[in-house]
Amino acid sequence: MPLFTRLSPSRPTAWQGWLCASRASVSIAFMMYAGAVPQLIDAWSMSAAQAGLVQTGFNAGYAGSLVLTGWLADRMGAKRVLLWSSLATALVGVLVAVFARSFEAGLLLFTLLGLSQGGTYTPAIMMVAQGVDRARRGAAIGLLLAGASFGYAVSIALSTALSQLAGYEVAFLVCGVVPTFSAIAAWLGSADRPNIVPEKAADRPIPAARGDRRAAAMLTLGYTAHCWELLGMWAWMPAFLLTSIALSDGAASTGVLAQGLWIGVVIHMSGCLAAFTMGRASDRFGRRAVLICLALLGAGCSFSVGLLQDLPSSVLLAFAALYGFAVIGDSPVLSTAMTETVAPSALGAALALRSILGFGAGGLAPLAFGAVRDAVSPELGWAMGFAALGVGGLLAALFAVLLPKSRRPAPSRLS
């Protein structure tokens, strides 16, 4: 009998809710630097390059942590890695809140924060895969990632507002201390769960069939294309909307700042809704079908949004919400499908590999966007930049089409 069937509860349980709460609270520290950058440049006497270097340090630390903790989770157990990473994030968050007062200190501490946070992601997905059967796994992983999207929205809102109203020190204090609750929630969510270290000798060979090899490859490539579009959109959509709103509505600078806060919340809250609903949809209609539809919708938004900058701000914000929904909605479906394709003993390594490829592509996407925008006329800059991201959406749709058609989950034998 498969491992997930033996462990799966007959209905959603409290431990899944605690893991979701843990992901939400740890994500509140994820974007606190980005939200406070305008104040930090002056307060820390940073150049633009130095300000970008701190964010790069965080991103590099996070990407490296995803690889390391995925590898460790295969060998030490996902629960153990999750708990240690949650505790480390809580401790580093407090250090950021207290000691991040200069460029040098910020670079070191935010790199450490990235290194600690990666272990709260992959192991949490592995725990859900171990504890929920296939028929409901999409919804369960979707709930987990919806918590993260909610945390991103709160992170942007708090860090931007507090840094403007009370100073970046207060913003760091609030956002940096919240991950302490994440450690508590992770402990509560995993208290009754076993720490599973899969025995390679007991696993089926990897891959068991040619279809498994193709599925794993297509899912990894699809995730890479997904990250190209998603991270590129996250990097440039706020600037595009702020510029477009200012031109169309004649907003004053203070109004644009308030709208910028709203923009961040709209994008990530729509992603929160997408993560949960699309995970559940994939349980009902199949992983492959949902991936194809979302990838095509995301590509359509990418190829369209740059042409809409003259529309009223309310229309642009609504379209941005749709765009955010489309490009994040396939994330839980891709993760769920990977847990169903790769044997448990290699799942952490498989998730680590896709993270390196995905974040590598996602890291290049904003640069490519800017290069394309600079290479064309100002009238076409935004449209062509977003179109470059849309290529990722089209590739994600292609890789989803190439998936074996048996990606629909089997009905639960426990219902």
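Checked against (1) surrounded by fewer than 22 Cβ atoms within 10 Å (Cβ to Cβ); (2) within 25 Å of Cys272 (Cα to Cα), Lys79 passes all but condition (1). The single condition among (1) open to solvent by less than 10 Å² (accessible area, probe 1.4 Å); (2) within 17 Å of the chain's Cα centre (by Cα); (3) under 23 Å from Met76 (Cα atoms) that Tyr121 does not meet is (1).
Being in a helix (DSSP H, G or I), surrounded by fewer than 19 Cβ atoms within 10 Å (Cβ to Cβ) and aromatic (Phe, Trp, Tyr) is the requirement here; does Phe319 meet it? Criteria met by Phe319.
Can you tell me which residue within the stretch 34-76, out of those that are open to solvent by less than 40 Å² (accessible area, probe 1.4 Å), part of a helix (DSSP H, G or I) and farther than 30 Å from Met338 by Cβ, is modelled with the highest pLDDT? In this case the residue turns out to be Leu40.
Scanning the stretch 369-390 for residues that are within 10 Å of Glu229 (Cβ to Cβ) and touching a Ser or Thr at 6+ places or on another chain (Cβ under 8 Å), we see that the one that is surrounded by the most Cβ atoms within 10 Å (Cβ to Cβ) is Leu389.
The set of residues in the stretch 146-168 being without any contact (Cβ under 8 Å) to a residue 12 or more places away in the chain and in a helix (DSSP H, G or I) consists of Leu165 alone. A residue that is open to solvent by 30 Å² or more (accessible area, probe 1.4 Å), under 20 Å from Trp236 (Cβ atoms) and β-branched (Val, Ile, Thr) occurs nowhere in the stretch 324-343. Filtering the stretch 301-316 to residues that are open to solvent by 10 Å² or more (accessible area, probe 1.4 Å) and under 21 Å from the mean Cα position of the chain (by Cα) leaves nothing.
Among the residues of the stretch 349-361, is there at least one that is open to solvent by less than 50 Å² (accessible area, probe 1.4 Å), over 30 Å from Ile263 (Cα atoms), in contact with a Phe, Trp or Tyr (Cβ under 8 Å, 6 or more places away or on another chain) and in contact (Cβ under 8 Å) with a residue 12 or more places away in the chain? Among the residues of the stretch 349-361, at least one is open to solvent by less than 50 Å² (accessible area, probe 1.4 Å), over 30 Å from Ile263 (Cα atoms), in contact with a Phe, Trp or Tyr (Cβ under 8 Å, 6 or more places away or on another chain) and in contact (Cβ under 8 Å) with a residue 12 or more places away in the chain, which makes the answer yes. Inclusion of Ser314 among residues that are under 21 Å from Ala63 (Cα atoms), part of a helix (DSSP H, G or I) and not acidic (Asp, Glu) is not warranted.
The rows are residues; the columns are (1) in contact with a Phe, Trp or Tyr (Cβ under 6 Å, 6 or more places away or on another chain); (2) open to solvent by less than 20 Å² (accessible area, probe 1.4 Å); (3) on the phi > 0 side of the Ramachandran plot.
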{"position": "Phe103", "(1), (2), (3)": "yes, no, no"}
{"position": "Leu115", "(1), (2), (3)": "no, no, no"}
{"position": "Phe150", "(1), (2), (3)": "no, no, no"}
{"position": "Phe181", "(1), (2), (3)": "no, no, no"}
{"position": "Ala185", "(1), (2), (3)": "yes, yes, no"}
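Applying the condition of being in a helix (DSSP H, G or I) and aromatic (Phe, Trp, Tyr) to the stretch 90-145 and asking which residue is nearest to Pro179 (Cα to Cα) yields Phe110.
The values are calculated or read from the model by the stated rules, or taken from the named source; none is laboratory data. All values derive from a computational prediction rather than experimental measurement. Note that each Cβ is placed from the backbone with ideal geometry, even for glycine, and that neighbours are counted across all protein chains shown. Calculation scope for accessible area: heavy atoms of the full protein, side chains included, ligands and nucleic acids excluded. Shrake-Rupley method; radii C 1.70, N 1.55, O 1.52, S 1.80 Å.
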